[in-house]
Amino acid sequence: MSVTASALGRPTPVERSPGYWAGVVRRLRRDPVAMVALAIIVVLVLLAIFAPWVAPNDPYRSSMIRRLRPIGTPGFPLGTDELGRDMLSRLIFGARLSLLMGVTPVFVAFFVGSFIGITAGYLGGKVNTVLMRTIDVFFAFPSVLLAIALSGALGAGIFNGLLSLSIVFIPPIARIAESVTTAVRKIDYVEAARASGASAMTIIRVHVLGNVLGPIFVYATGLISVSLILASGLSFLGLGVKPPEPEWGLMLNTLRNAIYVQPWVAALPGVMIFITSISFNLLSDGLRSAMDIKA
Amino acid sequence: MTPAPLLEIAGLTRHFKLKGGLFGRSAGVVRAVDGISFEVDEGETLGIVGESGCGKSTTARLIVDLIAADSGTIRLGGRTLGVDLELRELRRQVQMVFQDSYASLNPRLTVEEAIAFGPTVNGVSVREATALAHELLVKVGLEPKRFAGRYPHELSGGQRQRVNIARALAFRPKVVILDEAVSALDKSVEAQVLNLLSDLKRELGLTYIFISHDLNVVRYMADRVMVMYLGEVAEIGPVESIYARPTHPYTQALLSAMPSMDPDQLTREAPLAGDPPNPINPPPGCRFHTRCRYATELCGKTTPSLFALAAPRHLAACHRAIPGSGHPDAPRRLETAA
């Protein structure tokens with residue numbers, strides 16, 4: 001194909017509009033609730049990363065003498081647990097496993113679920129039917145039950161917990177991905193791209209991904225809090241993390257006997273789960289409204 | 001002898017199956033496009049008109065295989081699709097501009113990326129494609145410096161449709177199908193875009209298939225007009241001939257419904273009553289007979305085929321025009337033989 005444009009040489013410089021994501025970031029930064037939520041998450045992540053340096057005490061060192069001290073005890077600002085371990089240090093170290101258990105399954109499910117959903121949505125027809133009906137089977141089980149059943153079948157442990165949670169989150173993400181992709185696929189610009197003779201892979205890469213990954217991502221961030229709570233639930237039931245590892249759900253479990261002795265100390269892991277999950281939810285909401293413009 | 005037409009469509013058919021009930025039992029068939037044939041000469045503009053749902057847009061999508069045809073052949077430049085013409089080549093040479101200028105542009109791509117996409121898919125380097133995009137922006141009257149880096153939502157409807165035209169032209173097509181391409185624009189912008197289309201056609205030697213429900217616009221743009229009714233061709237012919245002597249009662253009704261600029265030529269009675277019949281179960285015989293004032297028993301039984309009228313290249317599918325058809329208004333067979 002002869003291109004007369006090549007005679008022109010290099011294209012003239014053009015005025016560029018800020019891209020879509022620049023706009024999203026700008027709107028997100030104007031949202032105070034989302035920014036507070038983001039700040040809390042950043043702090044939690046930093047605490048988790050730098051736990052050995054931040055934590056005042058060894059989270060594993062127990063002492064029979066100073067068990068279940070109240071909040072405000074000198075040297076133990078958040079008290080001690082049923083084995084006399086420093087609550088503050090355990091909560092800081094607990095952020096590591098809890099965030100890992102909350103974020104990783106959603107991350108894995110985001111990739112696998114998007115792949116399944118976009119494939120089903122773009123190809124349509126029989127491929128869609130086979131993939132989505134298989135996905136529908138998983139919706140027959142409540143997510144908690146499914147996570148418990150899978151963890152129980154695979155055996156306790158962090159890896160198996162992550163695996164079962166990932167499997168739990170694939171169906172809802174795949175369903176969202178499928179419906180968004182089906183909608184985008186019918187829009188004229190995809191039709192025009194098909195009429196250009198581009199391959200399905202090229203059309204998905206250039207025209208579909210950019211328009212579907214955003215909504216799927218927003219939905220996935222909303223699942224992080226669910227994952228966090230489910231992971232804590234698995235640990236609580238003894239199917240996730242094993243003692244003496246510090247993990248918020250597990251800590252909630254082992255401290256529950258102390259609820260009449262030191263109710264405030266016993267509630268602390270729950271408070272952390274609450275703060276973290278609500279922060280992820282609020283950030284997800286902020287992201288949704290920052291992305292929800294006509295362009 | 002006249003040269004072979006650029007685009008030849010023969011017996012193009014698409015029926016949509018309606019699925020209903022359990023296990024997708026077929027609940028009926030929509031005869032969206034039912035065996036239509038026409039040809040388009042190089043350098044001409046063929047207008048396609050008809051009511052909503054008569055199959056105009058489906059026809060356009062069938063030509064570039066965005067919807068798979070049930071049957072029919074498509075020939076471009078003497079080559080037949082699926083025999084000695086690849087779909088990819090056909091799609092490069094026959095491009096479409098859609099009605100919805102907003103939906104036809106990916107909101108995540110800048111104007112230059114949108115225009116350059118086609119050429120890059122067909123093996124042109126990104127840099128050359130971008131240069132080509134800038135060149136085409138100039139052609140459609142948009143300054144590259146100002147517009148190339150913009151996103152679709154920053155442009156007006158008319159500007160977006162200019163970008164869509166540039167996007168289609170980036171393939172260096174022979175035929176451009178304009179599917180209601182100016183219908184959504186307001187009148188002053190519509191006129192500008194129509195003039196642009198005329199200029200581009202002259203400059204680049206394009207052939208247009210111009211789909212519209214606006215008969216005034218079709219009259220201005222088209223060389224020949226094809227009138228469709230319920231998935232069939234009712235009448236086809238040169239624009240002067242059709243507008244001066246419409247033969248099919250449906251064409252007559254359409255033209256009399258056309259808003260006139262002359263206050264003395266008021267439309268006093270509704271030319272047609274009712275909606276078109278359901279294309280799921282089109283009426284037997286002539287599909288128009290349920291709304292036709294001239295309909296006789298014959299029209300409900302026998303389907304009229306396209307018949308060449310006295311004017312050159314003017315064909316109509318109406319028993320009243322076919323000599324010896326048995327319709328009381330039809331000319332006698334003897335007269336034509338004499």
*Just need the Rg to Rh number for the range B:217-266, please, alpha carbons only, Kirkwood Rh.*
0.98
*For the range B:86-183, count all C-alpha to C-alpha pairs, find those more than 21 Å apart, and express that count as a whole percent of the total.*
25 percent
*Using only Cα atoms, find the angle between the long axis of helix A:263-291 and the longest principal axis of chain A, and express it within 0 to 90 degrees, rounded to the nearest 10.*
10 degrees
*Once you have a ≥ b ≥ c as the square roots of the Cα gyration tensor eigenvalues for the range B:53-141, tell me rounded if a/c is under 1.5, and otherwise prolate or oblate according to whether a/b is larger than b/c.*
oblate
*Reciprocal mean inverse distance between Cα atoms of the range B:159-287 - Kirkwood radius, Å*: 16.7 Å
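For peptide B:91-99, what's the mean number of Cβ atoms from other chains within 10 Å of each residue's Cβ?
Mean shielding count: 3.
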*Which trypsin sites (Lys or Arg not before Pro) in the range A:160-262 pass both tests, a DSSP loop state and at most 13 other beta-carbon atoms within 10 Å?*
A:Lys186
_222 nm mean residue ellipticity, helices alone, for the protein assembly as shown (DSSP H n ≥ 4; -39,500 (n - 2.57); rounded to 500)_ = -15000 deg cm²/dmol
*Measure nothing fancy, just the Cα-based angle from helix B:157-169's long axis to the longest principal axis of chain B, in degrees from 0 to 90, nearest 10.*
90 degrees
*Write down, largest first, the equivalent ellipsoid semi-axes of the range B:1-115 in whole Å, where each equals the square root of 5 times an eigenvalue of the alpha-carbon gyration tensor.*
26, 23, 15
*Mean shadow area of the range B:213-319 over all directions, Cα convex hull, nm²*: 7.2 nm²
*Sequence-separation-based contact order of chain B, relative, with Cα cut under 8 Å and 6+ spacing, percent*: 18 percent
*Run the quick spin-label model on B:Arg127 and B:Glu86: label points 7 Å from Cα toward the beta carbon, then report their separation in nm to one decimal.*
2.7 nm
*So what's Rg/Rh here for chain B, counting alpha carbon atoms and using the Kirkwood radius for Rh?*
1.00
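Using only the alpha carbons of the range A:144-202, what is the convex hull's orientation-averaged projected area in square nanometres? If you can, show how the numbers build up before the last one.
Numbers: hull surface 22.2 nm².
Average of the hull's projected areas for the range A:144-202 equals 5.6 nm².
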*Averaged per residue, what accessible surface does the range A:139-179 expose to a 1.4 Å probe, in Å²?*
42 Å²
*asked:* Please compute the modelled spin-label separation between A:Thr134 and A:Ile49, points set 7 Å along Cα→Cβ, answer in nm with one decimal.
replied: 3.8 nm
*Can you tell me the relative contact order of the range B:125-230? Whole percent, Cα pairs under 8 Å, sequence separation 6 or more.*
24 percent
_Charge dipole (the range B:33-176, unit charges on Cβ, about Cα centre) - positive-most of B:Leu76, B:Thr45, B:Thr120_ = B:Thr120
_Charge-dipole axis of the protein assembly as shown as Lys and Arg at +1 and Asp and Glu at -1 on Cβ define it, positive-most pick from B:Tyr243, B:Ser198, A:Phe76_ = A:Phe76
*Where in the range A:196-223 does the amide nitrogen come within less than 16 Å of the point 7 Å from the Cα of A:Met35, taken along Cα to Cβ?*
none
_With a cut-off of 8 Å between alpha carbons and a minimum separation of six or more residues, what is the relative contact order of chain A in percent?_
25 percent
*Mind checking the dipole of chain B: about its Cα centre, +1 per Lys or Arg Cβ, -1 per Asp or Glu Cβ, Debye to the nearest 20?*
620 debye
*Once every Cα of the protein assembly as shown carries one equal point scatterer and solvent is ignored, give the base-10 log of I(q)/I(0) from the Debye formula at q = 0.07, 0.08, 0.11 Å⁻¹, two decimals.*
-0.63, -0.75, -1.08
*asked:* Placing one identical point scatterer on every Cα of the range A:116-216 and ignoring solvent, what is log10 I(q)/I(0) from the Debye formula at q = 0.15, 0.19, 0.24 Å⁻¹?
replied: -0.67, -0.89, -1.15
*Mean projection of the alpha-carbon convex hull of the range A:154-295 over all orientations, in nm²?*
11.0 nm²
*Local electrostatic count at B:Asn278 - Lys and Arg +1, Asp and Glu -1, tallied over other residues with Cβ under 12 Å*: +1
*asked:* Please give the charge dipole size of the range A:238-295, origin at the Cα centre, charges +1 on K and R Cβ atoms and -1 on D and E Cβ atoms. Round to the nearest 20 debye.
replied: 60 debye
*With r as the distance between the Cβ atoms of A:Phe159 and B:Glu203 and R0 = 56 Å, compute the FRET efficiency 1/(1 + (r/R0)^6) and round to 0.05.*
0.25
*Would you tally the net charge around A:Gly161, using a Cβ to Cβ cut-off of less than 12 Å, leaving A:Gly161 out, and scoring K and R as +1, D and E as -1?*
-1
*Using the beta-carbon distance between B:Ala244 and A:Ala200 and R0 = 51 Å, what value does 1/(1 + (r/R0)^6) give for FRET efficiency, to the nearest 0.05?*
0.55
*Helix axis angle, B:126-139 relative to chain B longest principal axis, alpha carbon, degrees*: 60 degrees
*If R0 is 35 Å, what FRET efficiency do you get for B:Tyr220 and B:Asp275 from their C-beta distance, rounded to 0.05?*
0.80
*asked:* Let me see the P(r) profile for the range B:190-237: every Cα-Cα distance counted, bins of 5 Å, each bin given as a percent of all pairs.
replied: 5, 18, 27, 24, 13, 10, 4, 0
*Could you go through the range A:88-100 in sequence order and give the Karplus-derived ³J(HN,Hα) for each residue, using 6.51 cos²θ - 1.76 cosθ + 1.60 with θ = phi - 60°, rounded to whole Hz, and x for Gly and Pro?*
4, 5, 5, 5, 5, 5, x, 4, 4, 5, 5, 5, 4
_Kirkwood hydrodynamic radius of chain A, from inverse mean 1/r over distinct Cα pairs, in Å_ = 21.8 Å
*For the range A:69-111, what value does the Rg/Rh ratio take when both radii are computed over Cα atoms and Rh is the Kirkwood radius, given to two decimals?*
1.26
*asked:* What's the total accessible area buried between chains A and B, using a 1.4 Å probe, rounded to the nearest 100 Å²?
replied: 3600 Å²
*Of A:Ser151, A:Ser98, A:Ala258, which is farthest along the charge dipole of chain A in the positive direction, counting Lys and Arg as +1 and Asp and Glu as -1 at C-beta?*
A:Ser98
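Please say if the range A:215-266 is rounded, prolate or oblate, where rounded means a/c under 1.5 for a ≥ b ≥ c the square roots of the C-alpha gyration tensor eigenvalues, and otherwise the choice is prolate for a/b larger than b/c and oblate otherwise?
prolate
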*In debye, nearest 20: dipole of the range B:140-217 around its Cα centre with unit charges on the Cβ of K, R (+) and D, E (-)?*
380 debye
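The values are calculated or read from the model by the stated rules, or taken from the named source; none is laboratory data. All values reported here derive from a predicted model rather than from experimental measurement. Because the Cβ atoms are built from the backbone with ideal geometry, glycine has one as well, and the counts that use them run over all protein chains shown. Ligands, DNA and RNA are stripped out before the accessible areas are found, and what is left, the full protein with its side chains, is counted by its heavy atoms. Shrake-Rupley method; radii C 1.70, N 1.55, O 1.52, S 1.80 Å.
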